[in-house]
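Written below as structure tokens is the structure these notes are about.
Values in this text are rule-based calculations from the coordinates and carry no lab data. It should be emphasised that the depicted structure is a prediction, and the values quoted were computed from it without experimental measurement. So basically every Cβ, Gly included, is an ideal-geometry build from the backbone, and we count neighbours across all protein chains shown.
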Amino acid sequence: MLTKAERTKQFILETAAPLYNEKGISGVSIDDVLEATKLTKGCIYGHFAGKDDLSQQVIEYSLRNLTEKLTTLVMREKSAKDKITTFIDFYKNPINTFIAGGCPIFNTAVEADDNFPEIKKKVALSLLAGQKELSNILQQGIDNGEFSSKLNPARFAFKMVAAIEGGTVMCRTIDSAQPMYELVNDLKEELNQYSL
């Protein structure tokens, strides 16, 4: 059971996450968070040491939230193929994403690349951990006879993540999900080529 202070902090993180995802770290001000939460500045600063601390914790929250949601969906599946298909399908509509503004990994990575080295490290760890988990699932599929040993798990995991993240930003930019639907089908077809 969360304390009142923990619930308030959680509310701030949940409310600020879409703001950060849509406006970016530099684009969000404390006033934006105050307006969205209807809390006082003293309340915000009672939970966060300042904007940098708030930004880091919001990004951590967003990355953790995405990872937990995706992991829960993927791990419901029994076979490696179904797990990978569930991962791919999670991203099939880049216009209507589970958090407003698109993929928080991509959005944060682009902005953090040159401006926020500590946040860049967090995003890198999240990306690498996700790719490793996908690679492990693919390797399990090889080990249990679902996929041919010709499948290179690490390479295919990287390709999936790179294609999906790139496809997301492109589709959001042109305001059309259609190319992503095609990309998702192409990734599934490529994976099927390794099915036994």
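Okay, here's what the table says:
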read-out	value
Every residue from the range 47-68 that is surrounded by fewer than 20 Cβ atoms within 10 Å (Cβ to Cβ) and either touching a residue at least 12 places away in the same chain (Cβ under 8 Å) or in contact with a His (Cβ under 7 Å, 6 or more places away or on another chain) (or both)	47, 51, 56, 57, 60, 61, 65, 67
Residue 172 vs. criteria closer than 22 Å to residue 67 by Cα, among the basic types (Lys, Arg) and crowded, with 18+ Cβ neighbours inside 10 Å	yes
Residue within the range 147-156 that is in contact with an Asp or Glu (Cβ under 9 Å, 6 or more places away or on another chain) and either among the polar types (S, T, N, Q) or at negative phi (or both) present	yes
Exclusive hit being surrounded by fewer than 17 Cβ atoms within 10 Å (Cβ to Cβ), within 27 Å of residue 31 (Cα to Cα), among the small types (Gly, Ala, Ser) and within 13 Å of the chain's Cα centre (by Cα), set 100, 129, 124	100
Among (1) over 30 Å from residue 141 (Cα atoms); (2) surrounded by fewer than 18 Cβ atoms within 10 Å (Cβ to Cβ); (3) aromatic (Phe, Trp, Tyr) - the single one residue 90 does not satisfy	(1)
